[in-house]
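The values are calculated or read from the model by the stated rules, or taken from the named source; none is laboratory data. Keep in mind that this is a model prediction, so the values were computed, not measured. Here the Cβ is made from the backbone with ideal geometry for all residues, glycine too, and neighbour counts use every protein chain on show.
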Amino acid sequence: MIFLFHINLNLITPILTSKQQQKHIQLAHVLGATHPSYPKRYYKFVHYISHSKLITLLQNPIFFPFLSKLYNLGMDNHHFHLNYIMKSPLIMLIMVFFLCFIVITESAPQTAIVTQLPGFNGTFPSKHYSGYVTVDENHGKKMFYYFVESERNPSQDPVVLWLNGGPGCSSFDGFVYEHGPFNFEAAKTKGGMPKLHLNPYSWSKVSNMIYLDSPSGVGYSYSQNTTDYNTGDLKTASDTHTFLLKWFDIYKEFAANPFFIAGESYAGIYVPTLASEVVKGLDAGLKPVINLKGYMVGNGVTDETYDGNALVPFAHGMGLIPDELYRRIVTECEGNYYNPTTDGCDALISKVNQDVDGLNIYDILEPCYHSPNSGIQNTTTHLRLPSTISSFKALGETERPLPVRKRIFGRAWPLRAPVRPGRVPTWPEIANSVSVPCINDEVATSWLNDKAVRKALHADEESVAGPWELCTGRISFDHDAGSMIKYHKDLTSRGYRVLIYSGDHDMCVPYTGSEAWTKSIGYKVVDEWRQWVCNEQISGFTQGYEKNLTFLTIKGAGHTVPEYKPREALYFYSQFLAGKRI
């Protein structure tokens, strides 16, 4: 459709209210403001000088396509075109009607806008939104999201849904500690407010980011019917798909953007099962259409056999067990390391466990809070490192300006792969066992439970939604989707782009398992094993397969890759989204 703007607005302004006139004038003068009320990609502006007046035409082909023919006519004879329009009351009324419609229609819910955050003094580099989407009206089941518009070009850049794992862990883990828009500086006094600083390696530099607390019962998400807290892989995928359909219906201006799903750890289950649900919805013609392009998984749980067998070759390759022991295991266990079938194999695997006991499984180069004389990996007795030592690796070398979580804490279930079918233990259950993970998430926990923060984020009060926990015991979760390999095969065969990346010092979900299962699919290698480079340094290795499947390692990174290597993570993330070679 074509809309007509005159600088003096003599013909149109008498029909509009004073408030609408002001919006109209602003839109006419700005000609494609940063955040117009309708996506800029649907606009075409044409400028004319006619009878000593500047005239601007805005073509929108969505409404009344037949009027767009006038645009083509005007290209050949714009004087006839303009005079015809100005002398036709019917066309003028139609144009005014749709002009008013577009001017007053909001592209995103104004009640969801985040205008300020406690602890941050400054201007957001892009718009932020947060709030709830109800996925089950009858049960009052609500899922909480935080949406960060891209700092580059939000109308064109991809929309990416980020999911942390657990199951039962909030995606604010990724927001606070990995690739969110802020770096959090711990408060100097107990109970004080952390300081927030802009993160130079935020993934919102190149994409629109949705951080989702999933499933319901995790983080700020909750249900008024507590039976919803009994869930599993398949129900979580279904609910998250419902969330996406409703979210894109609310944020219509982003529906045409390329869409990707990303996550780590147990999200190795969440991501492909959700992608499969999205594809089923597309096949069924569900609206709005989700423009899915691909997905990425970091150190992700995938398959019981491949994940379970990954530890032994990893430990051998990293020099954690002697070569003689490794060779005996290969002979005795015949490749079945995680589920020994003979007493001899079982004894050898026990020796491996003894050798790696006490190491930080989320990054074997990092220290862990545990008693060195305990004889077990992690105990309920925590020892503080000297205040001058936070890591065997200098934190500054990762170029993350303000790391606030000593990078020895991962977010993964189980403490070691594989994930077996059936009920998955909750984090409090794990914490009460002899295998408690090293946890120190005071910054996120204190900040997200602060009343002022909850209010700023539009999160319901604690009396309604419950306290925010990084990893909750409120849900009971079943791993009921089986191996993810069949999901990856189906999705890649449909042409979706897939990146499987692994921090190469993670012993929880070792890269050896991910490398093995990606190879097992049987796709032809189209990009032989090679180095990849960031900032003129070798940053890892990659191998590409046909059907847009890529496996990538990140040198020196642990389980939560962007937390360890933020610069490198932003680089390979940006390249993948753009469809470029890493």
Looking at (1) in a loop (DSSP other than H, G, I, E, B); (2) within 28 Å of residue 516 (Cα to Cα), which one does residue 288 not meet, given that it meets all the others? (2)
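So that you can scan it fast, the table gives a plain yes or no per residue for (1) buried (at least 16 other Cβ atoms within 10 Å of the Cβ); (2) at pLDDT below 90:
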| site | (1), (2) |
| --- | --- |
| 95 | yes, yes |
| 106 | no, yes |
| 117 | yes, no |
| 124 | yes, no |
| 161 | yes, no |
| 173 | yes, no |
| 178 | yes, no |
| 187 | yes, yes |
Could you count how many residues in segment 437-479 are over 26 Å from residue 235 (Cα atoms) and modelled with pLDDT under 95? 10
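Does residue 302 meet the test of being buried (at least 18 other Cβ atoms within 10 Å of the Cβ) and part of a loop (DSSP other than H, G, I, E, B)? First the steps, then the outcome.
Details: buried (at least 18 other Cβ atoms within 10 Å of the Cβ): yes; part of a loop (DSSP other than H, G, I, E, B): yes.
Yes, satisfied.
Only one of 219, 268, 300 is under 22 Å from residue 564 (Cβ atoms) and touching a Ser or Thr at 6+ places or on another chain (Cβ under 6 Å); which?
Numbers: 219 fails: under 22 Å from residue 564 (Cβ atoms); 300 fails: touching a Ser or Thr at 6+ places or on another chain (Cβ under 6 Å).
Step by step, each of 219, 268, 300 is checked, and only 268 is under 22 Å from residue 564 (Cβ atoms) and touching a Ser or Thr at 6+ places or on another chain (Cβ under 6 Å).
Among the residues of segment 251-277, write down those that are in a helix (DSSP H, G or I) and over 16 Å from the mean Cα position of the chain (by Cα).
Filtering segment 251-277 for residues in a helix (DSSP H, G or I) gives 252-254, 267-277.
Across segment 251-277, the qualifying residues are 252, 253, 276, 277.
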Meets criteria (part of a strand (DSSP E or B) and not polar (S, T, N, Q)) for residue 293: yes
